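Derivation of every value follows stated rules applied to the coordinates shown; laboratory data play no part. Note that the structure is a prediction, hence the values are computed from the model and not measured. Glycine gets a Cβ as well: all are built from the backbone with ideal geometry, and neighbour counts include every protein chain shown.
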Amino acid sequence: MKTCVIYGDMSADSAADQYPTVNLCDDCVAADGRQGENHQIVSKEGYDPDLGDCEWCSTSAEDEAEAKT
Ligand SMILES: [Zn+2]
């Protein structure tokens, strides 16, 4: 799980909506890395558990840890 800044709604007024900070699971981060120029992740910021589950596929940190064992 990684906390990432992603491209959001560019027509929004606030920077928080244009570049939301969300949690993404390792699978989604890896998938984004294969998108080339179409990638959605602006930057990776470590991991903040308070932001909850993966924004894209709803995998929780617990699910992710379990999938690795
Ligand atoms: Zn995910």
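Computed over every Cα-Cα pair of the chain and binned at 5 Å starting from 0, the pair-distance distribution P(r) comes out as 4, 18, 26, 25, 16, 8, 2, 1, 0 percent.
Tally Lys/Arg at +1 and Asp/Glu at -1 over every other residue whose Cβ is under 12 Å from the Cβ of residue 6; what's the total? My count for the surroundings of residue 6 gives -3. What is the spin-label model distance, in nm, from residue 7 to residue 27 if the labels are put 7 Å beyond Cα along the C-beta direction? Going by the 7 Å Cα→Cβ label model, 2.4 nm. Taking label positions 7 Å along the Cα-Cβ direction at both residue 63 and residue 17, the computed distance is 2.7 nm, reported to one decimal.
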